[in-house]
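One structure is given below, encoded as structure tokens.
The values are calculated or read from the model by the stated rules, or taken from the named source; none is laboratory data. Keep in mind that this is a model prediction, so the values were computed, not measured. Neighbour counts run over all protein chains shown; Cβ positions are idealised from the backbone, glycine included. To get the accessible areas, we keep the full protein, side chains included, count just its heavy atoms, and leave off ligands, DNA and RNA. Shrake-Rupley method; radii C 1.70, N 1.55, O 1.52, S 1.80 Å.
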Amino acid sequence: MKDFIFNVDTKILFGKDQMKNLASEIKKYGSRVLLAYGGGSIKRNGLYDEIIKIFEENNIFYKELSGIEPNPRVESAREGVKIVKENKLDFILAVGGGSVIDLSKLVAGAVFIDGDPWDIVIRREKINKALPIGTILTLAATGSEMDKGGVITNPETTQKLAFGSEYTLPKFSILNPEVTYSVNAKHTAAGVADIMSHTMENYFTLDDGAYMQNKLSEGILKTCIHYGPIAMKEPENYDARANIMWASTWAINGLLSTGKETPWSVHPMEHELSAFYDITHGIGLAILTPRFLNHILSDETVDMIRAFGINVFGIKETENKFNDAKRAISALHMFFEQDMMIPMTLGEVGIDDEKLEEMADRAAKHAGGSIKGVVELKKEDILEIYKASL
Ligand code: NZQ
Ligand code: ZN
């Protein structure tokens, strides 16, 4: 196991009765709040009214940044920066899924630079300071509630890129599983696929000596496999929503990648799909992952994939390890397709072969020439994985 420092100090307030702490948590950092949210789900499920009442009762001044889109766009960050500056706001409350939280992180940092928010994403500007952020998570998926990063889309350049800074780690996050009861089946499934993908990106490594982290990863994957289908059938099952929510947070907050090299593989390929076709991130990951595993199956990786099948899906070990590994990949595919009802081809989400080459080229370029994951993926490999996903 390699040396590491683990220091993720987002305060988590988990459960049904945590909104009573919202005002006091905000007041530790500020009193003039940018309330950031998406397309209106928080108005439909009553969360918005609850927040406004708390603001009014506690004399918290606020301005709204609404309409943040899934695959959030840099334009919304520009608007957010303007609202913050005009109203001298000193705190951001992000209420939503990963898109709202990610966009809020960019606003928090961009307020203190001279240039455009996009300059941060393309690394022309660095975040050296940021407004404090708190989150109320409404969708279990990205882990943005307890990580430093965000992913922003620029439609003008057809780019979707990640950024991150120690300054944009949320100060606190309120996680009430009941708030996720209203998440529809598609986004519930996409969220579970995203959590599993984060876990697998950290898990699929070779001979790293990080046994404990890998066992935790298997536990998170099994949690998703157990509770994902329950949440699909019973959207208001508290334990299902609670376990998925907590899995979301721990899949990507840094714990699973401690002590090992975990360069990610499937996310860089998926970000091109969302950038070009605006598809739902978790759906893209679910489609690509079995094809990725199939592509990298070799003498070098067979034991790793086979162990995944045995430990996570409970497949029976046989003498033919390649067959075992293939059964593991197909168990993952079937789980996404049959239990989580995810459309498992690119064709079903509106992607044909027209731009595959361009996307493969971009995915390789954005990763510095090739994706240096558990196995190096050159442009040709990425293209093959895309083609196998059609
Ligand atoms: O916009 P509203 O009306 O709120 O509706 C949203 C949106 O349409 C809806 N929703 C959210 N909570 C709801 C709800 N509907 C009903 N009830 C609720 N309680 O769900 C839709 C999707 O929301 P979004 O925030 O886009 O989903 P998600 O949390 O999956 O975030 C996806 C974004 O995060 C990025 C992705 O690339 C994508 O842009 N990621 C961020 C990461 C990070 N910060 O570390 C890592 C991830 O790998 C990922 O790349
Ligand atoms: Zn993800």
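Things worth noting here:
- Failed item, numbered, when THR280 is tested on (1) open to solvent by less than 50 Å² (accessible area, probe 1.4 Å); (2) out of contact with any helix residue (DSSP H, G or I) (no Cβ under 7 Å at 6 or more places or on another chain): (2)
- Qualifying residues in region 283-311 (those that are open to solvent by less than 10 Å² (accessible area, probe 1.4 Å) and farther than 30 Å from GLU357 by Cα) - the one nearest to ligand 2 (Cβ to nearest atom): PHE308
- Set THR262, THR199: member being within 15 Å of ligand 1 (Cβ to nearest atom), modelled with pLDDT under 95 and either open to solvent by 30 Å² or more (accessible area, probe 1.4 Å) or of a type outside the set (Gly, Ala, Ser) (or both): THR262
- The number of residues in region 318-332 being part of a helix (DSSP H, G or I) and either open to solvent by 40 Å² or more (accessible area, probe 1.4 Å) or touching a residue at least 60 places away in the same chain (Cβ under 8 Å) (or both) comes to 6.
- Residues in region 165-188 that are over 13 Å from ALA231 (Cα atoms) and either within 16 Å of ligand 2 (Cβ to nearest atom) or in contact with a strand residue (DSSP E or B) (Cβ under 6 Å, 6 or more places away or on another chain) (or both): PRO170, LYS171, PHE172, SER173, ILE174, LEU175.
Table: residues versus (1) in a helix (DSSP H, G or I); (2) among the hydrophobic types (A, V, I, L, M, F, W, C); (3) crowded, with 21+ Cβ neighbours inside 10 Å.
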position	(1), (2), (3)
THR345	no, no, no
ASP352	no, no, no
GLU357	yes, no, no
ALA360	yes, yes, yes
LYS365	yes, no, no
GLY368	no, no, no
ILE382	yes, yes, yes
ILE385	yes, yes, yes
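- Tally, over region 243-266, of residues that are assigned to a helix (DSSP H, G or I), in contact with a strand residue (DSSP E or B) (Cβ under 8 Å, 6 or more places away or on another chain) and of a type outside the set (S, T, N, Q): 2
- For region 333-343, the set of residues classified as open to solvent by 80 Å² or more (accessible area, probe 1.4 Å) and in a loop (DSSP other than H, G, I, E, B) consists of MET341 only.
- Look at region 91-102: where a residue is within 15 Å of VAL74 (Cα to Cα) and a partner is within 16 Å of ligand 2 (Cβ to nearest atom) and not small (Gly, Ala, Ser), sitting 6+ places away or on another chain with Cβ atoms under 6 Å, you get GLY98/THR142; SER99/PRO70; SER99/PRO72; ASP102/PRO72; ASP102/VAL151.
- Answer residue from region 90-106, given it is more than 18 Å from the chain's Cα centre (by Cα) and of a type outside the set (Phe, Trp, Tyr) and is nearest to ASP194 (Cα to Cα) among those: LEU93
- Members of region 276-321 that are under 20 Å from ALA388 (Cβ atoms), touching a Ser or Thr at 6+ places or on another chain (Cβ under 9 Å) and among the charged types (D, E, K, R): ARG291
- Search result, residues across region 52-69 that are surrounded by 21 or more Cβ atoms within 10 Å (Cβ to Cβ) and not in a strand (DSSP E or B): ILE60, ILE68
- Condition met for THR223 (open to solvent by 10 Å² or more (accessible area, probe 1.4 Å) and either under 21 Å from GLY309 (Cα atoms) or not hydroxyl-bearing (Ser, Thr, Tyr) (or both)): yes
- Going through (1) buried (at least 20 other Cβ atoms within 10 Å of the Cβ); (2) outside any helix (DSSP H, G or I); (3) of a type in the set (A, V, I, L, M, F, W, C) one by one, ALA275 falls short only on (2).
- Filtering GLU317, GLU358 for residues that are closer than 19 Å to LYS160 by Cβ and acidic (Asp, Glu) leaves a single hit, GLU358.
- Search result, residues across region 6-29 that are over 16 Å from LEU169 (Cα atoms), in a loop (DSSP other than H, G, I, E, B) and not basic (Lys, Arg): GLY15, ASP17, GLN18
Residue-by-condition table, conditions (1) away from ligand 2 (no atom under 16 Å from the Cβ); (2) more than 14 Å from ILE195 (Cα to Cα); (3) acidic (Asp, Glu):
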{"site": "GLY259", "(1), (2), (3)": "yes, yes, no"}
{"site": "SER265", "(1), (2), (3)": "no, yes, no"}
{"site": "PRO268", "(1), (2), (3)": "no, yes, no"}
{"site": "LEU273", "(1), (2), (3)": "no, yes, no"}
{"site": "ASP278", "(1), (2), (3)": "no, yes, yes"}
{"site": "HIS281", "(1), (2), (3)": "no, no, no"}
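- Pairing each residue of region 32-48 that is more than 17 Å from SER76 (Cα to Cα) with any residue that is open to solvent by less than 10 Å² (accessible area, probe 1.4 Å) and within 16 Å of ligand 2 (Cβ to nearest atom), provided the two are 6+ apart or on different chains, yields C-beta distances under 9 Å for SER41/GLY96; ILE42/GLY96.
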